1. Jot down the radius of gyration and Dmax of the stretch 1-122, Cα atoms only, both in angstrom.
2. How many nm is it between the label spots at ARG67 and ALA305, if each spot is 7 Å from the Cα in line with the beta carbon?
3. When a footprinting reagent is the concern and you count Cβ atoms within 10 Å, what order do PHE5, PHE329, PHE234 take, fewest first?
4. Classify the chain as rounded, prolate or oblate from the Cα gyration tensor: take a ≥ b ≥ c as the square roots of its eigenvalues, call it rounded if a/c is under 1.5, otherwise prolate when a/b beats b/c and oblate if not.
5. Along the positive direction of the dipole of the chain (beta-carbon charges: Lys, Arg +1; Asp, Glu -1; about the Cα centre), which of GLY242, ILE62, VAL124 reaches farthest?
6. Could you work out which residue, out of VAL230, VAL270, VAL200, moves most in a Gaussian network model of the chain, that is, has the largest mean-square fluctuation with Cα springs under 10 Å?
7. Highest mean first, how do 141-147, 92-98 rank when packing is the count of other Cβ atoms within 10 Å averaged over residues?
8. Among the aspartates and glutamates, select those whose C-alpha is under 17 Å from the C-alpha of LYS236, and discard any that sit fewer than 8 residues away in the same chain.
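Quick note: the coordinates plus some simple rules give every number you see, no bench work behind them. Bear in mind the structure is a predicted one, so any value in this text is a computation, not a measurement. Neighbour counts run over all protein chains shown; Cβ positions are idealised from the backbone, glycine included.
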Amino acid sequence: MTLEFDAAALANRATSALRAYDPGHDLPALRLRFGEMLSELGSNENPLGPSKSALRAANRAIEEVWRYPDPLGASLKRKLSDELGVPFAGITLGNGSHELLMLMAQCFADEAHPVVHSQYGFAVFPIAAAAAGASAVAVPALPADHPEAPYGHDLAAMAAAVTPATRLVYLANPNNPTGTWFTDAALEDFLERIPPQTLVVVDEAYHEYVDAEGLSTALHLLGRFPNLAVTRTFSKAYALAGLRIGYMLSHPSVAAVCERLRESFNVNGVALAAAEAALGDHEHRAHVRATNRRDRTWLAGELMARGLRVLPSQTNFLLVDLGDDATAFEAHLFERGVIVRPMVGYGLRHTLRISVGSRTELERLLENLP
């Protein structure tokens, strides 16, 4: 007799409230199916790949994979400190910025201290809250017809949603999946309205792609607002997604609390070496930014010329609003090996997120539009 067993019934309350993060389609299987004809435009990867110096550093580090990596990541932290002008003690390294976003909730949120985030903010925000047993307050986004940031963060409404019990606020600038953004001045005004016991995390995963007037980085405000933290990743512009490494910049006391729970050796030695080399390759980073800006502008123009609504973006992707259920549109592209990301999980069933891939991939997308 086979006994029925379901571990879900044994899960604790926080885990029972969770749904697994949806990474999208099974890309390894699709690569086997379509081969070189596959256009991977759903994961916001950098089609130019990492810098040669990063690859050389990774190859050298592979020779010592039998050793444990530096548990502090001290060499990379020194490089970050020098490059960004931030204190060494305020840097926390993570297995991608995803881990750091989760870690902040695990360290500071709980049943008595809710988390505030935007309605269409990064999917990890409510997951992080649920994993900590905290309630997630999703603040309605700006309207679809907003002239500057359709579906973007409504910072005034988010500030109003913060209560004395709120321990954590998540922002993304620019935002995934909408591509929208808010200015440095708007962020400064927001922070001035937030009580000092509420931590504000600004996820800048797409910072290196930014070129909009009035938008630079939240780092300029770290000195004035000790309750501010900024997360970034090496997965996007630096093209090290497969090595999983990110970092957080904060007040040293915030970093010290996170160190209590950060997993030992959470960043591997190859990633540490590659990230440090990538950070120093300013020429490659400038090339990535210029190429993305050129192709993002070109792709937006081509899509709009075909009658599609394209939201403004400061990232390496575009959100296309079809005005109706996007399921059939996405399925049509999928069957032809063009993989884009449906936004059903965000409640944006009528939209698709399209990465700014290689020119060959983008031309294949345009050739196969319904």
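1. Rg and Dmax of the stretch 1-122, Cα atoms, are 20.7, 65 Å.
2. Computed distance between label sites ARG67 and ALA305 equals 5.4 nm.
3. Exposure proxy ranking, most exposed first: PHE5, PHE329, PHE234.
4. Because its axes are fairly even, with a/c under 1.5, the chain counts as rounded.
5. ILE62
6. In this elastic network of the chain, the residue with the biggest mean-square fluctuation among VAL230, VAL270, VAL200 is VAL270.
7. Descending mean neighbour count gives 92-98, 141-147.
8. GLU40, GLU45, GLU99, ASP203, GLU204, GLU208, ASP211, GLU276, ASP281, GLU283, ASP295
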